[in-house]
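Each remark here refers to the structure printed beneath this line.
The values are calculated or read from the model by the stated rules, or taken from the named source; none is laboratory data. Predicted, not measured: the structure shown is a model, and the values here were computed from it. Positions of Cβ are backbone-derived with ideal geometry, glycine not excepted, and every protein chain shown enters the neighbour counts. Just the protein is used for accessible areas: all its heavy atoms, side chains included, with ligands, DNA and RNA removed. Shrake-Rupley method; radii C 1.70, N 1.55, O 1.52, S 1.80 Å.
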Amino acid sequence: MKHEPDILAQLEGTLGPGRVEQSVPLAPMTTFRIGGPADFLYRARTTDELAGGITCAKRLGVPYFLLGRGANILVGDLGFRGLVIRSEVGGIDFLDEGRVRAGSGVDTFPDLIDETVARGLGGLHHFVGIPSTVGGALWQNLHFLEPAPARKRTVFIEEVLESAEILASSGERRTVDVDYFEFGYDDSILHRNDDVVLSATFRLEPAPTDELRRVMRENLEWRADRHPDLALFPCAGSIFQKIEGVGAGRLIEKCGLKGHVEGGAQIFTKHANIIVNLGSATAADVRALIALARETVARETGHELLPEIGFVGEF
Ligand SMILES: Cc1cc2nc3c(=O)[nH]c(=O)nc-3n(C[C@H](O)[C@H](O)[C@H](O)COP(=O)(O)OP(=O)(O)OC[C@H]3O[C@@H](n4cnc5c(N)ncnc54)[C@H](O)[C@@H]3O)c2cc1C
């Protein structure tokens, strides 16, 4: 960014001395482990800090990106020009009648799921094994299949969300209920405005802990058979949006692209809607595979693949 020292001074003037880091590699903050540096990074640890960081960036006219666990994005090789605000807002508070409030930077898995299941509260346990913060989960309406043996219906996080505190686009802080989010499949109103989730309150159902743990074990086994182990194969989950009744992954597989390698990135051998980082992948490698899959599937099947992940920064 131009005039970086001035901007740093202005950001720190509001956010506090030493609170804004400069030239921070973003790759380690994403599950793809790909991406160049952010000019500036601010780690927001409380709801006040998160609201303050966003308000400050807007007031100074500094471009910003709100980062959760980085599990649904691809950051460009040149990084991000501006301020990345990482929600590290913690806090898990148990209220009455199975209600639990969590900060937007809390990991749904393992932290929130472990704590709620330990108290015999079910509802979030379906999402075991999925990397996400609470904020990212509402942005995308986190989802997974209902427990075995059915595994037909999709369970969404909206089903257990009661309310959330947001910083609205207008700059006002308020509490909104579940309907406000206009949830859909991989969708919420957060895709269409720049509201920020500060914290969320979930209403969970009492259930035997053993039973919840059984479902979690089965879900983890199901995932292990189909999804890459993130420690070995960094990735961002499904790359393309669901195509009802057909399946984006199945179309890519039908076109013979499963296992195809571009630089350090590969179309995953077990699940063709996932691209994995073999260790040295660049964002350019991933984009080349995305382009290849889109062109090939359009030409050979007539279906249009639309990316589900977000593209952040400069490529
Ligand atoms: C191995 C793997 C498996 C996956 N499996 C599934 C799955 O089964 N089901 C599923 O639904 N998803 C799955 N995903 C996708 C991913 O886990 C979810 O989309 C997750 O909710 C992303 O959360 P995050 O905190 O990482 O968000 P990020 O990737 O950091 O951000 C995603 C978007 O959310 C916005 N955002 C983040 N925090 C906030 C906030 N506080 N307020 C407003 N907006 C915010 C960001 O600005 C960005 O636009 C998988 C991903 C991986 C890597």
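Descriptive notes on the structure:
- Over the range 164-217: Rg over Rh, Cα atoms, Kirkwood Rh: 1.15
- Each label was represented as a point 7 Å from its Cα along the Cα-to-Cβ direction; for Asp194 and Glu146 these points are 4.1 nm apart.
- Intensity falloff of the range 196-315 expressed as log10 I(q)/I(0), Debye formula with alpha-carbon point scatterers, at q = 0.15, 0.19, 0.23 Å⁻¹: -0.77, -1.01, -1.27
- Potential lengthening of the chain between Arg299 and Ala207 amounts to 28.2 nm, from the contour at 0.36 nm per residue minus the alpha-carbon distance.
- Placing dummy labels 7 Å off each Cα toward the beta-carbon, the span from Leu278 to Thr154 is 3.1 nm.
- Across all Cα pairs in the range 275-315, the calculated P(r) in 5 Å bins from zero up to the longest distance comes to 5, 20, 25, 24, 15, 8, 2 percent per bin.
- With eigenvalues of the C-alpha gyration tensor scaled by 5 and rooted, the range 68-113, Å: 30, 11, 6
- Mean accessible surface per residue for the range 52-95, computed with a 1.4 Å probe while every protein chain stays in place, in Å²: 35
- Residue among Gly36, Gly245, Gly79 with the largest mean-square fluctuation in a Gaussian network model of the chain, springs linking Cα atoms under 10 Å: Gly245
- 5 angstrom amide H check on Ala236, placed H, neighbours 5+ away: Ile275
- Distant-in-sequence amide contacts of Leu74, defined by a placed amide H-H separation under 5 Å and a gap of 5 or more residues or a different chain, comprise Gly310, Phe311, Val312.
- Most mobile listed residue (Gly171, Gly105, Gly53) in the chain, GNM with C-alpha springs under 10 Å: Gly171
- Rg over Rh, two decimals, the range 1-155 (C-alpha only, Kirkwood Rh): 1.05
- The range 1-85: projected area of the alpha-carbon convex hull, averaged over directions, in nm²: 5.1
- Long-range lysine pairs (8 or more apart or interchain), the chain, Cα under 29 Å: 10
- For the range 247-262, 3J(HN,Hα) computed residue by residue from phi via the Karplus equation (6.51, -1.76, 1.60; θ = phi - 60°) reads x, 4, x, 5, 5, 5, 5, 4, 7, x, 9, 4, x, 4, 10, 10 Hz, glycine and proline entered as x.
- The portion of the accessible surface of the range 169-275 made up by carbon and sulfur, rounded to a whole percent, is 48 (1.4 Å probe; DNA, RNA and ligands excluded).
- Stokes-Einstein translational diffusion, the range 74-221 - Kirkwood Rh over all Cα pairs, 0.890 mPa s, 25 °C, in µm²/s: 154
- Rg and Dmax of the chain, Cα atoms only, in Å: 19.9, 59
- In the range 24-128, the portion of solvent-accessible area held by carbon and sulfur atoms comes to 53 percent [1.4 Å probe, whole percent, DNA, RNA and ligands not counted].
- Whole-Hz couplings from phi, Karplus 6.51/-1.76/1.60, listed for the range 52-61; x for Gly and Pro: x, x, 5, 4, 5, 4, 5, 5, 7, x
- Karplus-derived 3J(HN,Hα) values for the range 219-233, using 6.51 cos²θ - 1.76 cosθ + 1.60 with θ = phi - 60°, are 5, 5, 5, 4, 5, 4, 6, 10, 10, x, 6, 4, 5, 9, 10 Hz; glycine and proline are entered as x.
- Between Glu97, Glu205, Glu165, the residue with the greatest mean-square fluctuation in the GNM of the chain (Cα pairs under 10 Å linked by springs) is Glu97.
- Modelled this way, with points 7 Å down the Cα-to-C-beta line, the labels at Val246 and Arg119 are 4.5 nm from one another.
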